[in-house]
Amino acid sequence: MKFSKQRELIYNYIMNSCEHLTADAIYADLKAEHPELSLGTVYRNLTQLSEIGKIKKLSLPHQVDRFDKNLEPHSHLICEVCGCVNDVHVPHTEQFLDDASKYTDALITSYQITFYGVCSKCRKDN
Ligand SMILES: [Zn+2]
Ligand SMILES: [Zn+2]
């Protein structure tokens with residue numbers, strides 16, 4: 001699939017960021033240099049990018065959707081002070097899935113854990 005200019009712009013923006021951005025944040029940052037962009041365009045391109053598997057849409061409880069460049073399975077830590085979302089890589093995930101499958105007698109193929117707490121940056125600020 002051929003990338004449109006706008007989609008490429010948005011994709012590169014996500015790839016160069018280390019955060020889990022919302023459509024609003026991406027739009028707010030890009031529109032200064034690209035006044036032709038609209039929030040709708042940004043959102044549509046983000047949705048398309050996640051549909052073709054270039055990025056991952058991250059739907060967390062009580063949060064607006066964010067977009068993740070990290071396609072590997074991983075968990076997230078939401079800081080209760082600054083609201084940032086950090087990647088958490090927890091080992092032994094296969095064992096965890098096995099245990100969960102046994103416990104529920106289901107075939108569990110993936111999971112999503114969200115940790116809540118105070119991020120390292122906020123801990124240092126206090
Ligand atoms: Zn924080
Ligand atoms: Zn992530």
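Just to check your reading of the model, which residue among SER59, SER38, SER75 is among the polar types (S, T, N, Q) and touching a residue at least 12 places away in the same chain (Cβ under 8 Å)?
After applying the criteria, what remains is SER75.
Mind checking which residues of the stretch 44-70 are more than 14 Å from ligand 2 (Cβ to nearest atom), touching a Ser or Thr at 6+ places or on another chain (Cβ under 8 Å) and closer than 15 Å to ILE26 by Cα?
Scanning the stretch 44-70 gives ASN45, VAL64.
With respect to LEU37, determine if the residue is at pLDDT 95 or above and surrounded by 15 or more Cβ atoms within 10 Å (Cβ to Cβ).
It is false that LEU37 is at pLDDT 95 or above and surrounded by 15 or more Cβ atoms within 10 Å (Cβ to Cβ).
Among the listed residues ILE78, ILE113, ILE14, which satisfies the condition of being at pLDDT 90 or above, of a type outside the set (D, E, K, R) and either more than 16 Å from ligand 1 (Cβ to nearest atom) or surrounded by fewer than 12 Cβ atoms within 10 Å (Cβ to Cβ) (or both)?
The conditions single out ILE14.
Within the stretch 44-70, take every residue that is more than 16 Å from ligand 1 (Cβ to nearest atom) and part of a strand (DSSP E or B) and give me the one that is surrounded by the fewest Cβ atoms within 10 Å (Cβ to Cβ).
Here the residue is LYS57.
Can you tell me which residue is nearest to HIS20 (Cα to Cα) among those in the stretch 71-126 that are among the acidic types (Asp, Glu) and within 15 Å of ligand 2 (Cβ to nearest atom)?
Looking at the filtered set, the residue picked out is ASP87.
The values are calculated or read from the model by the stated rules, or taken from the named source; none is laboratory data. As the structure is a prediction and not an experimental result, all values here were calculated from the model. In this analysis, Cβ positions are derived from the backbone assuming ideal geometry, glycine residues included, and neighbour counts consider all displayed protein chains.
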